[in-house]
Amino acid sequence: MKKIAQALCFAAIIASPTSYAAATQTSWGKIILYMTGWGIDDVRVQLTGAVINPANCSIPDGYMTDETDSGNHAHQSALLAAYASGKDVSVVIDGCNSVGRPKIVGVGLR
């Protein structure tokens, strides 16, 4: 039941009314780096495995939230929970954030 609820939440993020036509989901992996921003309300993570960068962002060294995204705090909380608990995580990225890294628009945990 828990896995079904997680899948439904993840599907709701992807199918939200906001247009994420170019959104791409990463492979599942562990968070190996969790960093907060300097003077901005963003979090950067690196996952096990190669970074995907379909938008050709200028700094493809991981994935980052964007303080202007309405889901920013939810993404940050989910990422911190995954990091602290050692859970597998997959992020949905779409475009680049304000500093040039692939932008997180969704987070899944398992």
Report, by residue number, each residue of segment 41-54 that is exposed (fewer than 15 other Cβ atoms within 10 Å of the Cβ) and either out of contact with any Lys or Arg (no Cβ under 7 Å at 6 or more places or on another chain) or not in a loop (DSSP other than H, G, I, E, B) (or both). 41, 49, 50, 54
Quick one: count up the residues across segment 1-53 that are modelled with pLDDT of 50 or more, among the β-branched types (Val, Ile, Thr) and more than 14 Å from the chain's Cα centre (by Cα). 2
Could you check, for segment 79-92, whether at least one of its residues is at pLDDT 95 or above and charged (D, E, K, R)? yes
Looking only at segment 57-83, count how many residues are touching a strand residue (DSSP E or B) at 6+ places or on another chain (Cβ under 8 Å) and part of a loop (DSSP other than H, G, I, E, B). 9
Please name all residue pairs, on different chains or six or more residues apart, with Cβ atoms under 7 Å, provided the first residue is in segment 23-42 and is in contact (Cβ under 8 Å) with a residue 60 or more places away in the chain and the second residue is part of a loop (DSSP other than H, G, I, E, B) and not acidic (Asp, Glu). 24/52; 24/54; 26/52; 27/49; 28/110; 29/48; 29/49
Restricting attention to segment 75-96, which residues are more than 17 Å from residue 25 (Cβ to Cβ) and free of Cβ contacts under 8 Å to residues at least 40 places away in the same chain? 76, 77, 81, 84, 85
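The values are calculated or read from the model by the stated rules, or taken from the named source; none is laboratory data. Computed from a predicted structure; not experimentally measured. Cβ atoms come from the backbone with ideal geometry, glycine included; neighbour counts cover every protein chain shown.
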